[in-house]
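Please treat every number below as a calculation from the coordinates, not as lab data. Remember, predicted model here, so these are calculated numbers, not experimental data. All Cβ positions, glycine included, derive from the backbone under ideal geometry; neighbour counts span all protein chains shown.
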Amino acid sequence: MNWHEIEQKDFMQVFERLPVTLVKGRGMYVRDDKGKRYLDFVAGIAVLSLGHCHPVLVKAINRQSHKLFHTSNLFYTTPQLKLARLLLKNSGMQRAFFANSGAEAVEGAVKLARRWGHINLNGAYEVISANNSFHGRTLSMVAATGQPKFQHPYEPLPTGFINVPFDDISAIKEATTEKTCAVLLEVIQGEGGVNIPQADYLEQVRQWCDEKNLLLILDEVQTGVGRCGTLFAYQQCGVIPDVIALAKGLAGGVPIGAILATEKASVFAKGEHGTTFGGNALACAASCAVLEYIIKHDLPTHARSMGELILGGLKKLQQEFPCIVDVRGKGLLLALQFNQDIAKDVALACLDMGLLVNNLKPNLLRFIPPLIVQPADINKALCILQKALYKITEQHC
Ligand SMILES: *Cc1c(COP(=O)(O)O)cnc(C)c1O
């Protein structure tokens, strides 16, 4: 049996995997079990902020692993205290809570919003979220995620979530009732297809939340930690949220999640929320190293200029290939959309030529490389993508 057959036999068949077994990586590159090298424009789904096995991250994990892995939150640890300082200082938030994943961070933020509703809004508990959003796979986050394909298999869903059209302030206003306690949004919808709202959307949502005393929760699990050209994507939108959820790129590949909130919104009392692993010393040491590196080397600014380079290249490809109907993105969260369902074929052709790209939807490719990507990597990726497009469009267009 090969690995592919073993996976088919042993695993719950929920993942659509590309046919490669990856064994090691360094920087922008990763190798499979046959020794073939791939340029990585997926980065573990926007997780590997510093690329594969960055020496700074390896060293931090190595050091911490000789000292202390885990204590639980019955005690203080210095990596966790240090990470909270670093995040709060750079986000303008005032209090932190650490979790293990994106879903867990956003779900914790929703629990915080329910406490807010209990305390300040007469027991209001409903959270308004957007169609085409993505907030994770727990049962509640599936209810928050406004995509029927994630919801239908699990009905009846937990109550208390209202999905409304994205980038439509009047839809939020119409959905608001005396039961509403919060609005939950991504700054740019990642899994939903790299959807960027109008420039003033978040400002209008902020105003509405202020008017109604609702919490504004921004899910920056994908957009945060430098990916969109600022340390947090909301910093480009002229708003300050009440609550932020972080995960993906936060520790460069080590599982972690975080909730950050303003003093006013931090209404959890002792015992009202908790976790065994969350804020684990090893994960926090990794995250400190990643964040310090990102800040010290101003990778958000780098991400912005590299993103512009990729977007420019994709726009050139759009002129060359009429089946490309849109290219869009901010920083290093980018997408290319086709007028037909050829994204998987193109991704497989890229894979064959040594480039990992994510076929997020049947008609859409997503580019989410590590923040350390360099112009030479981009030229190479665009060159492979062009060849793949020639190959596939000859067959289809
Ligand atoms: C990936 C993602 C999540 C879920 O994160 P997990 O770590 O998979 O639970 C939540 N929100 C957004 C915006 C995401 O991109």
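Only alpha carbons enter this Debye calculation for the chain, each as an equal point scatterer, and the log10 of I(q)/I(0) it gives at q = 0.08, 0.10, 0.15 Å⁻¹ is -0.42, -0.67, -1.44.
Relative protection proxy for 280-289, 324-333, 375-384, from highest mean packing down: 280-289, 324-333, 375-384 (other beta-carbon atoms within 10 angstrom). Between rounded, prolate and oblate, where does region 175-285 land on the alpha carbon gyration tensor, with a ≥ b ≥ c its root eigenvalues, rounded for a/c under 1.5, else prolate if a/b exceeds b/c? Verdict is oblate for region 175-285. Computed from phi, the 3J(HN,Hα) profile of region 74-81 under the Karplus parametrisation 6.51, -1.76, 1.60 (θ = phi - 60°) reads 7, 9, 8, 10, 5, x, 5, 5 Hz, with x in place of Gly and Pro.
Report note on the peptides 108-115, 11-18: ranked by the mean count of other C-beta atoms within 10 Å, highest first, their order is 108-115, 11-18. What does the charge add up to near H52, with Lys and Arg as +1, Asp and Glu as -1, over the other residues with Cβ less than 10 Å from its Cβ? Surrounding charge for H52 is +2. Helix 201-212 versus the longest principal axis of the chain: what angle, 0 to 90°, nearest 10, using Cα atoms? It works out to around 10 degrees.
Here region 56-296 carries DSSP beta bridges of which approximately 35% are antiparallel, counting only pairs with both residues inside.
Taking all Cα-Cα distances within region 258-397, those exceeding 23 Å account for 48%. Go ahead and collect, in residue order, the members of region 96-111 whose backbone nitrogen is under 19 Å from a label point 7 Å along the Cα-Cβ direction of T71. Inside the label zone: 96-100.
Which order do the peptides 58-70, 193-205 come out in when sorted by mean C-beta neighbours inside 10 angstrom, highest first? Please report the intermediate quantities before stating the final value.
Numbers: 58-70: 14.3, 193-205: 17.8.
Descending packing order for the listed peptides: 193-205, 58-70.
Only Lys, Arg, Asp and Glu carry charge here, each on its Cβ (+1 for the first two, -1 for the last two); on that basis region 56-296 has a dipole of about 1140 debye about its Cα centre.
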